[in-house]
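Here's the structure we're looking at; comments come further down.
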Amino acid sequence: MTAYLGLALTLGVGVGGALVATLLHRRTAVARRPLPTLPHLSGWRPAEHALSRFEARYYPLTLLFLAFDVEMLYMYPWATVVASIGASAVIEMFVLLGVLMTGVLWAWREGALRWT
């Protein structure tokens, strides 16, 4: 029974904190109705939809950037342990880089790297 005491205490603090925050918000809220103006752009109404400002050609390039960004998340910890693990770590990294290179070749074929 004592093994679950910490779990119950954590759950109680979490639920209690959420309830206290909700009740505090309800007691101190300035208005219960929506604001008459939007909170961004200094209250001005936006002239266009938020997604209309970005061209569709940027999305494949963004996905390509995210793929290499995630690759760096794996590369840094890998570099710290590669000497202790050995050849299997090097093979696994080359497999990951091969998968990413497949993504680069796909993006190149689709024209994501062309700007005109």
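The rows are residues; the columns are (1) surrounded by fewer than 11 Cβ atoms within 10 Å (Cβ to Cβ); (2) charged (D, E, K, R).
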position	(1), (2)
81	yes, no
89	no, no
98	yes, no
109	yes, yes
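If you go through the stretch 56-79 one residue at a time, how many are surrounded by 11 or more Cβ atoms within 10 Å (Cβ to Cβ) and not in a helix (DSSP H, G or I)?
Qualifying residue count for the region: 1.
Rule-based calculations on the coordinates, nothing more; no lab input. Quantities reported herein were computed from a predicted structural model and do not represent experimental measurements. When we count neighbours, we look across all protein chains shown, and the Cβ atoms used for this are built from the backbone with ideal geometry, even at glycine.
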